[in-house]
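Below you'll find the structure, written out as structure tokens, and then a few comments.
Please treat every number below as a calculation from the coordinates, not as lab data. Treat the numbers as computed from the prediction; the structure is a model and nothing was measured. Using ideal geometry, Cβ is built from the backbone for each residue, glycine included, and neighbour counts are taken over all protein chains shown.
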Amino acid sequence: MFMRGGRLDGLRAIVEADLERKTGTAVGLERCVERLLGAAPVGNREADLYRVHVLVKAVLEQGDSERALELTGEFAASEDDEERVYATWLRVWFDLDDHAGEEDEGVPAAPGGGDAGAGDVVGGAPWPALREGDLRIAMLAARSHGAESLVSKLSDRLSAIARAESRG
């Protein structure tokens, strides 16, 4: 009886959504995403970051580029450094900077068209260019979660920055 209500119910809902995500089924992933998108903030920083983490992992596992674009716009504009790491994960995994505007390749067009890189407006807020430091932090976080495919993509992006800097 003492373990019911308030923040604990919010945390329980996130844990249950994470369990649905872990089933790996399309239905479980969709239910997870819908539950977390509809959930109100718990009011505890760690619980709210856990919600964002589970949501991003579910979207990555789903391969839902449209939802990734929406979330990236939200997280890229965040004041929270950790939420911006998740925006970096989504931007790199779905190649949102490279392919925005190419709907025929399965990537939704960025609002207003054009490349979703530095200076362009996506979801009403500009995305800053991905910096080396942001990519390195995102790579460390991905590595700590065992996401080796994501680490590889982040590493490729870091290499591209290094090549561009060596030319210019």
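Mind ordering 154-160, 69-75, 87-93, 38-44 by average Cβ neighbours within 10 Å, highest first? Could the numbers behind the result be given before it?
On the way: 154-160: 16.4, 69-75: 21.3, 87-93: 24.4, 38-44: 12.9.
Highest-to-lowest ranking by the protection proxy: 87-93, 69-75, 154-160, 38-44.
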What are the residues whose amide H is under 5 Å from the amide H of V42, where those residues sit 5 or more places off or on another chain and H is modelled from the backbone?
-> D48
Any idea how far apart S166 and L19 come out in nm if each label point goes 7 Å out from Cα toward Cβ?
-> 5.1 nm
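What do you get when you divide the Cα radius of gyration of region 1-62 by 2.2 N^0.38 Å, with N the number of residues?
1.08
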For region 46-63, in order, what is each residue's ³J(HN,Hα) by Karplus, 6.51 cos²θ - 1.76 cosθ + 1.60 with θ = phi - 60°, in whole Hz (x at glycine and Pro)?
-> 5, 5, 5, 5, 4, 4, 5, 4, 5, 4, 5, 4, 5, 5, 4, 5, 6, x
